[in-house]
Amino acid sequence: DEDLVLRGELHRLLSPFGGNWFAEELVLPDQSAARIVAMKFLENFNQPDPRIYPRGLSPDTRYRAEIFSSVPGKAAPQKTGEFLMSGRSLMHFGLRPDFSAGDFQSLILTLRAEKDAV
C-alpha cells in the first residue's frame with residue numbers, strides 16, 4: 001500500500017470541480033495493483049451515480065477487486081463487495097459504485113492482479 005502512494009501513477013477519474021463526485025486512482029508502474037478512492041458530496045435525488053473508468057491497468061490481466069465503503073458518523077470503512085474482472089473490461093465498461101448511503105459517502109476500491117493472470 002505504501003508503494004502505491006510513493007510510486008503509483010495518479011489519475012483523476014472524476015473532477016471535484018465538475019460535479020457532485022470525486023474519484024482518483026493510483027496505479028503501480030508494473031500494473032500489479034491499483035487503488036481508487038471515490039466520494040459523493042451531496043445526495044441528489046433523481047440523478048444517477050456516474051460510471052468510473054479506471055485507467056493505466058493491463059488489459060489482459062485479471063484483477064481481484066475489493067470494495068470498502070464508509071459513511072460519516074459510522075464506524076471505519078466496511079468491506080461491501082468483491083469481484084474478479086479483466087483490466088480491459090474495467091477500463092472499457094467502468095464501474096458504477098453504489099453511493100446510496102447519503103451525503104459524503106466514500107468508497108475505496110483495491111485492485112490486485114491475480115497471480116496466475118496472463
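The values are calculated or read from the model by the stated rules, or taken from the named source; none is laboratory data. What you see is a predicted model; the values in this text were computed from it and never measured. All Cβ positions, even for glycine, are placed from backbone atoms using ideal geometry, and neighbour counts span all protein chains on display. With ligands, DNA and RNA removed, areas are computed over all heavy atoms of the protein, side chains included. Shrake-Rupley method; radii C 1.70, N 1.55, O 1.52, S 1.80 Å.
In table form, for the structure just shown:
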quantity	calculated
Pair list, Cβ under 6 Å, 6 or more apart: the range 65-77 residue among the hydroxyl-bearing types (Ser, Thr, Tyr), other residue at pLDDT 75 or above	SER69/THR80; SER69/LEU107; SER70/PRO77; SER70/SER106
Number of positions in the range 46-71 that are among the charged types (D, E, K, R) and farther than 25 Å from GLY18 by Cβ	4
Identity of the residue in the range 60-76, open to solvent by less than 40 Å² (accessible area, probe 1.4 Å) and not in a loop (DSSP other than H, G, I, E, B), that ends up modelled with the lowest pLDDT	SER70
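Quick grid of which residues meet (1) assigned to a strand (DSSP E or B); (2) closer than 16 Å to LEU107 by Cβ; (3) open to solvent by less than 70 Å² (accessible area, probe 1.4 Å); (4) free of Cβ contacts under 8 Å to residues at least 24 places away in the same chain:
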{"residue": "ASP3", "(1), (2), (3), (4)": "no, no, no, no"}
{"residue": "LEU13", "(1), (2), (3), (4)": "yes, yes, yes, no"}
{"residue": "GLU24", "(1), (2), (3), (4)": "yes, yes, yes, yes"}
{"residue": "PRO29", "(1), (2), (3), (4)": "no, no, no, yes"}
{"residue": "ASN46", "(1), (2), (3), (4)": "no, no, no, yes"}
{"residue": "ASP49", "(1), (2), (3), (4)": "no, yes, yes, no"}
{"residue": "PRO54", "(1), (2), (3), (4)": "no, yes, yes, no"}
{"residue": "SER58", "(1), (2), (3), (4)": "no, no, yes, no"}
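Residues checked against (1) under 23 Å from ASP3 (Cβ atoms); (2) over 13 Å from the mean Cα position of the chain (by Cα):
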residue: ARG62; (1), (2): yes, yes
residue: PRO77; (1), (2): yes, yes
residue: ASP103; (1), (2): no, yes
residue: LEU107; (1), (2): yes, no
